[in-house]
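Since the structure comes first, as structure tokens, the remarks are kept for the end.
The values are calculated or read from the model by the stated rules, or taken from the named source; none is laboratory data. Note that the structure is a prediction, hence the values are computed from the model and not measured. When we count neighbours, we look across all protein chains shown, and the Cβ atoms used for this are built from the backbone with ideal geometry, even at glycine.
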Amino acid sequence: MHPILLPTPEIADALATGHPVVALESTVISHGMPYPRNLETARALEAEVRAAGALPATIAVMDGRIRIGLDDEALERLATAGHAARKLSRRDLPVALATRAFGATTVAATMIGARLAGIPVFATGGIGGVHRGAETSFDISADLDELARTSVCVVCAGAKSILDLPKTLELLETRGVPVLGFGTEEFPAFYSRRSGLSVDHRCDNVQEVAEILRTKWQLGLEGGVLLANPIPAVDELDADAMEAAVAQALADADARRIKGKDITPHLLAALEAITGGRSLTANIALIRNNARVAAGVAAALAGR
Ligand code: PSU
Ligand code: MN
């Protein structure tokens with residue numbers, strides 16, 4: 001184990017014995033959802049992973065170490081800190097660790113921690129991607145670059161339409177990231193199951209996902225795989241209503257000149273306000289669903 005990592009005893013033991021583990025990100029807890037529902041969600045995700053036969057390892061940065069697995073006290077600290085925790089992507093990790101800052105890891109930084117710890121499967125809600133208007137703002141999430149280079153399977157519900165989904169998929173293709181649909185041919189659009197865009201390949205079971213992961217990595221093709229798992233139909237929100245809400249949230253962020261790493265958290269909070277909390281309820285449902293599927297993939301990869 002790399003000395004900068006601090007796994008809980010339970011996770012250290014699981015990794016040493018080959019028991020399946022699922023990595024979970026922390027930015028969605030600190031910056032993606034309000035307290036106390038973020039704490040309830042963090043606990044619910046851990047419970048989903050356990051119920052499906054794997055162990056949850058929520059990843060965050062504390063006291064100069066990358067924590068692999070958080071106890072309840074640490075989860076609470078993260079959830080109550082909110083934006084007081086730093087939002088850490090690849091570029092932020094060296095500074096945060098060297099200065100012993102307290103921070104939450106994005107998809108990119110969680111992948112780095114998971115890879116260093118030897119955890120090949122990670123569940124989140126939505127990945128960052130190419131922002132609308134990226135041709136002038138150059139705003140493209142570091143999550144995409146991380147998927148290109150770091151060998152972890154990221155289970156998500158697609159990407160939100162706050163992003164430019166066709167450009168996001170184009171970039172993933174350019175960077176050699178397989179995009180698999182779990183029980184679907186279509187790339188899901190986070191709050192809705194459909195986007196009109198195709199995935200590369202449909203997988204109907206976790207064994208097939210595990211076989212694709214093994215094949216990629218045995219070939220020496222380093223880098224991630226995106227497993228897109230649509231929101232359950234009962235939890236889906238109306239696509240047209242969400243598109244209108246996204247347009248309103250984007251216009252508001254633009255008027256306030258919000259930029260850089262603040263834009264995604266700002267848009268999530270604005271969507272919640274515009275939809276009267278329905279976006280948050282959907283977000284929680286889909287992330288729980290992703291945690292369940294990720295546990296299945298982790299178990300299949302571990303041969304259990
Ligand atoms: N998309 C969501 N919810 C989130 C995020 C993205 O639907 O909470 C978070 C994740 O942590 C993701 C990060 O890695 O935002 C991407 O931020 P940026 O766009 O600044 O790269
Ligand atoms: Mn950005």
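The residue that is nearest to Asp71 (Cα to Cα), counting only those in the stretch 1-16 that are crowded, with 16+ Cβ neighbours inside 10 Å and of a type in the set (Gly, Ala, Ser), is Ala12.
Of the strands (runs of 3 or more DSSP E) entirely within the stretch 105-189, none holds at least 2 residues that are in contact with a His (Cβ under 6 Å, 6 or more places away or on another chain) and either within 14 Å of ligand 1 (Cβ to nearest atom) or at pLDDT 95 or above (or both).
Contact annotation: residue pairs with Cβ atoms under 8 Å, 6 or more positions apart or on different chains, pairing a residue in the stretch 195-213 that is within 26 Å of Glu170 (Cβ to Cβ) with a partner that is at pLDDT below 95, are Ser195/Ser161. Could you please give the count of residues in the stretch 50-82 that are outside any helix (DSSP H, G or I), buried (at least 23 other Cβ atoms within 10 Å of the Cβ) and in contact (Cβ under 8 Å) with a residue 40 or more places away in the chain? Number satisfying all stated conditions: 11.
Yes or no, residue by residue, for (1) more than 29 Å from Asp254 (Cα to Cα); (2) touching a Cys at 6+ places or on another chain (Cβ under 6 Å); (3) acidic (Asp, Glu):
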{"residue": "Arg77", "(1), (2), (3)": "yes, no, no"}
{"residue": "Ala84", "(1), (2), (3)": "no, no, no"}
{"residue": "Ser89", "(1), (2), (3)": "no, no, no"}
{"residue": "Leu93", "(1), (2), (3)": "no, no, no"}
{"residue": "Gly126", "(1), (2), (3)": "no, yes, no"}
{"residue": "Ser141", "(1), (2), (3)": "no, no, no"}
{"residue": "Cys153", "(1), (2), (3)": "yes, no, no"}
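Within the stretch 127-142, the set of residues being within 9 Å of ligand 2 (Cβ to nearest atom) and either under 18 Å from Ser26 (Cα atoms) or crowded, with 18+ Cβ neighbours inside 10 Å (or both) comprises Gly128, His131, Asp139, Ile140, Ser141, Ala142. Quick test for you: out of Pro166, Pro230, pick the one residue that is touching a residue at least 60 places away in the same chain (Cβ under 8 Å) and over 18 Å from Thr110 (Cβ atoms). None of the other options fit; the residue is Pro230.
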